[in-house]
Amino acid sequence: MPYIESHPRRVRGEAVHMTASEKKASEMSHNSKAGLNDPSIQVRIRSPANMDCSYELISEEARHKAIEEAFLTPEANHFISTPEVMEMESRLSLWLQAGYPVHLIGPTGCGKTSMAVHVAKGLGRPVVWINGDEAITTSDLIGGYSQMQSESVRDNYVHNVFKTRDTMKIEWVDNPLSLACKYGYTLIYNEFSRTKPASNNVLLSVFEEGILELPTKFGEERYIKVHPDFRAILTSNSIEYAGIHRPQDALLDRMVGIYADYYGHETEVRIVMEHTGISQDKAEKIVQTIRSIREKLPDAQKPGTRACIMIAKGLQTLKDREDLTIDFQQMCIDVIANKTCSPKDMEEKKRLVRESAA
């Protein structure tokens, strides 16, 4: 039975009485005027650097830029290419192009992260980044409801009739994994094995079935079909390092594992020179000393290429400081002292430095 309007009163330009179909048509008209039906208009995500920023309608290009700003990826500066490096790069690129996630495993300071960033940028797609740690949860990977808006309407147009309506709206914010799956970005999951295995269960269906499940959503929005351009690079330290969790076998079975060891002498020398601008003879002395110490320490205490760069930067700084008189051996001791468990252990490291740097 059609609704017959008997007393067409209006409040602020809108009819007091509207049927459900009229209300729906009115809302669609209002949204169209506001530009909400324009596919080029999207809702901006909130940047972690500015958690107070509000949601607003912006262009597709601006939305992508906001995503990249929210999840900044470190630049692979001073990346050098030697046959050894290029061979590793080719292996990673091969498996990524084949559609498999790659798990890059190796000791600390061997260049895993630099390699991951360099290869990811080479794919030509936007890159999003997340660092694993004990506190990471599934929500940190996929996102969640970030805020709740309450809207109340009070109508006392007729003095003896009081109407009230409360509307609750919630806003969903995507995190790196859901962004990468939706739009075909490359995900770099750094220090993957430092996250508790339960938090990474969501990756199982992503890597195998190509479906990302959002547990806190309902209906059709609960599932995201993974974009065909989605790629993932995960980096981990070897299992003997402190703070490492062994990932579940079911997840490891869905990835290609590549072990990245320390580079050879020539490659390490070139890396140190590229990062610091130090002369070749000094770079060779630093690398030779650290490599000699590395051979005599257990795996979790071995100094990596990063230690060589730190010593080289110390020498470069010392060159400009006439008031400092720190010798080369002491610099080496300072750099490798972090992984020391006792005074006796420290004395042993000093002895190794003296023998190696002599």
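Tabulated values for the structure
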quantity: Test: residue in segment 103-112 that is under 17 Å from the mean Cα position of the chain (by Cα) and without any contact (Cβ under 8 Å) to a residue 40 or more places away in the chain; calculated: no
quantity: Meets criteria (at pLDDT below 90, among the acidic types (Asp, Glu) and part of a loop (DSSP other than H, G, I, E, B)) for Glu355; calculated: no
quantity: Of the criteria (1) closer than 25 Å to Met88 by Cα; (2) in the same structural domain as Gly109 (by TED's automatic domain parsing), which one Lys302 fails; calculated: (2)
quantity: The listed residue being surrounded by 14 or more Cβ atoms within 10 Å (Cβ to Cβ), of a type in the set (Asp, Glu) and either over 30 Å from the mean Cα position of the chain (by Cα) or modelled with pLDDT under 95 (or both), out of Glu266, Glu274, Glu322, Glu295; calculated: Glu274
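The values are calculated or read from the model by the stated rules, or taken from the named source; none is laboratory data. The model shown is predicted, which means the values in this text are computed figures rather than measured ones. Note that we place each Cβ from the backbone using ideal geometry, even for glycine, and neighbour counts take in every protein chain shown.
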